[in-house]
1. Return yes or no: is A182 at pLDDT 95 or above and hydrophobic (A, V, I, L, M, F, W, C)?
2. Pick from D133, D87, D129: which is more than 23 Å from G61 (Cα to Cα) and charged (D, E, K, R)?
3. Does G135 satisfy being assigned to a strand (DSSP E or B), open to solvent by less than 30 Å² (accessible area, probe 1.4 Å) and touching a Lys or Arg at 6+ places or on another chain (Cβ under 8 Å)?
4. Residues to consider are I110, I119, I127; find the one that is closer than 22 Å to S49 by Cβ, in contact with a Pro (Cβ under 9 Å, 6 or more places away or on another chain), open to solvent by less than 50 Å² (accessible area, probe 1.4 Å) and at pLDDT 95 or above.
5. Return the residues of the stretch 139-168 that are acidic (D, E) and within 14 Å of V12 (Cα to Cα); say none if nothing qualifies.
6. Kindly list the number of the only condition in (1) farther than 30 Å from Q71 by Cβ; (2) open to solvent by 40 Å² or more (accessible area, probe 1.4 Å) that fails for P85.
7. So is T68 open to solvent by 40 Å² or more (accessible area, probe 1.4 Å), modelled with pLDDT of 95 or more and polar (S, T, N, Q) or not?
Amino acid sequence: MESSERPKLRAVLFDRDGTLVLDVPYNGDPCLVEPVAGAKPVLDAIRASGLATGVVSNQSGIARGLITPAQVAAVNRRVEEILGPFDVWEICPHGDGDGCSCRKPAPGMILSACRKLGIEPFEAAVIGDIGADVGAAEAAGAAGVLVPTPVTRAEEVATARMVAPSLASAVVLLDETGYLPAAP
């Protein structure tokens, strides 16, 4: 591959809370799951193009004793009921001070998701709403796109390499930058 060519994506990984579904802090109730506007059509289009999809989500509420792994799994099932199936799920149950390699901005969840999908990290993109999401992508060697929300800090937006105002525009940005494969 020439250095000017971008690797073609084989998977798009998403942060869950604030990116795919509205952020309800430490949500353990599937009834509170509400998709972000436009999430379903974006995911449908990505799946239709033949790309794998996955979720990489910090869930420190488990470490803090605020939610259980079973509650997180129930919320994840509800996300899939609303938005369709994902090829891979990666959840970090650790807290900020646990020193794990999976909690974003560490690359562990992205690397694990790529292994499970049988792809290299440079064949994946990560779309998220905070700097830790794109930081994890970059640390893993994946493309990262920030889709800011009101909780995204200004410095996170300023330092992100790719920023888009919505999920749909994040996918357009990946296409315009040559990451997405040509349509069949």
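1. When the stated conditions are applied, A182 does not pass them.
2. Numbers: D133 fails: more than 23 Å from G61 (Cα to Cα); D129 fails: more than 23 Å from G61 (Cα to Cα).
Only one candidate qualifies: D87.
3. No: the conditions fail for G135.
4. I110
5. Quick first cut of the stretch 139-168, residues acidic (D, E) only: 155-156.
Listed by number, the list is empty, since nothing qualifies.
6. In the conditions (1) farther than 30 Å from Q71 by Cβ; (2) open to solvent by 40 Å² or more (accessible area, probe 1.4 Å), P85 misses (1) alone.
7. Yes.
This table checks each residue for (1) closer than 25 Å to L22 by Cβ; (2) under 15 Å from the mean Cα position of the chain (by Cα).
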{"site": "L117", "(1), (2)": "no, yes"}
{"site": "I130", "(1), (2)": "yes, yes"}
{"site": "E138", "(1), (2)": "no, yes"}
{"site": "V145", "(1), (2)": "yes, yes"}
{"site": "P150", "(1), (2)": "yes, no"}
{"site": "A154", "(1), (2)": "yes, no"}
{"site": "R161", "(1), (2)": "no, no"}
{"site": "V171", "(1), (2)": "yes, yes"}
{"site": "L174", "(1), (2)": "yes, yes"}
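The values are calculated or read from the model by the stated rules, or taken from the named source; none is laboratory data. From a predicted model like this one, the values you see are computed outputs, not experimental measurements. Every residue, glycine as well, gets a Cβ built from its backbone with ideal geometry; the counts of neighbours run over all protein chains shown. All accessible areas refer to the heavy atoms of the entire protein, side chains included, with ligands and DNA or RNA removed. Shrake-Rupley method; radii C 1.70, N 1.55, O 1.52, S 1.80 Å.
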